[in-house]
1. Among the residues of segment B:158-204 satisfying the criterion of being free of Cβ contacts under 8 Å to residues at least 40 places away in the same chain and out of contact with any helix residue (DSSP H, G or I) (no Cβ under 8 Å at 6 or more places or on another chain), which is nearest to the other protein chains (Cβ to nearest Cβ)?
2. Restricting to segment A:33-54, and then to whatever is modelled with pLDDT under 90 and more than 7 Å from chain B (Cβ to nearest Cβ), can you tell me which residue is farthest from the chain's Cα centre (by Cα)?
3. If I ask for residues that are within 14 Å of chain A (Cβ to nearest Cβ) and at pLDDT below 90, which ones from segment B:120-148 would you list?
4. Please work out which one of (1) at pLDDT 90 or above; (2) under 22 Å from residue B:118 (Cβ atoms) is the condition residue B:26 fails and give its number.
5. Only one residue in B:81, B:58 is at negative phi, at pLDDT below 90, in contact with a helix residue (DSSP H, G or I) (Cβ under 9 Å, 6 or more places away or on another chain) and surrounded by 13 or more Cβ atoms within 10 Å (Cβ to Cβ), so which one is that?
6. For segment B:1-108, which fully contained helices (runs of 4 or more DSSP H) count at least 3 residues that are over 23 Å from residue B:174 (Cα atoms) and within 22 Å of the chain's Cα centre (by Cα)?
């Protein structure tokens, strides 16, 4: 039984530790910031690519060959940059 | 021998060709490694949950760490409403993680270095999140594309941009995982080739690079699984709690 009591006190200490550690939010700092770096870089490229593809599809639907692909390329670039700014702002708010 | 750095990504058939209704369903090395990673996950979790002790053994400890890690990630990013989706995100994370990690073994095959695998997972997530969003909010889910506080003149432009940004989700999700895995494994092979071609005299520098890159690749393998799962949580959060 002494063993069990010992375990109980240890559990209490561990629980208190957990409480205090959950208060500091940046305990997963490094790996998640590297993760968001990966997210930012591919997001920027993917937005431009998707914008261009949408432009290409709409072009072949409406037969307006070069125009929509150009417009949507720029729209995609704008979307990518806006998205990066938005994510960066969220990252700053977290800190 | 396989001096071509892209040779490692080749998919080949194991066993006889199986064709059902014109679709090639042969068992390939990719299917073998998918099965292997699924079997490893099942084995690990089976061993971990077999004996439920207060003081956990090795396998139970690992399983509990994985469980806590995903549970915390979901509650941090998507809130308590996302709790029912825990099994899906847990299996997704474990599958991607084990595919990446099994790919790090010598002579193995990395399933996630093929865009068709990652794109399929990403499209499934994209469709599922869209369906969940429409089920929870009805046509109010379309408000996601119309942010509040935008002047009426800019509204059409912003809406188009938001739609592009929504549609690019599966692309960026799948390309990130695929590109990271493929680039890393190609780089490892290229440096390994340098070791052979430079021989005993000059091969030590690329060899040390190779060792360092292997460490980096293991980090990337974990990180990409983590990013894949956390982005699924973020998209789920958008669908469940609609506040832009």
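1. Within segment B:158-204, the match that is nearest to the other protein chains (Cβ to nearest Cβ) is B:158.
2. It comes out as A:45.
3. B:144, B:145, B:147
4. (1)
5. Just a single option satisfies the conditions, and that option is B:81.
6. Where helices (runs of 4 or more DSSP H) fall fully within segment B:1-108 and carry at least 3 residues being over 23 Å from residue B:174 (Cα atoms) and within 22 Å of the chain's Cα centre (by Cα), they are B:29-50, B:58-77.
The values are calculated or read from the model by the stated rules, or taken from the named source; none is laboratory data. If you're wondering where the values come from, they're calculated on a predicted model, not measured in any experiment. Neighbour counts are summed over all protein chains in view; Cβ atoms, including those assigned to glycine, are modelled from backbone coordinates with ideal geometry.
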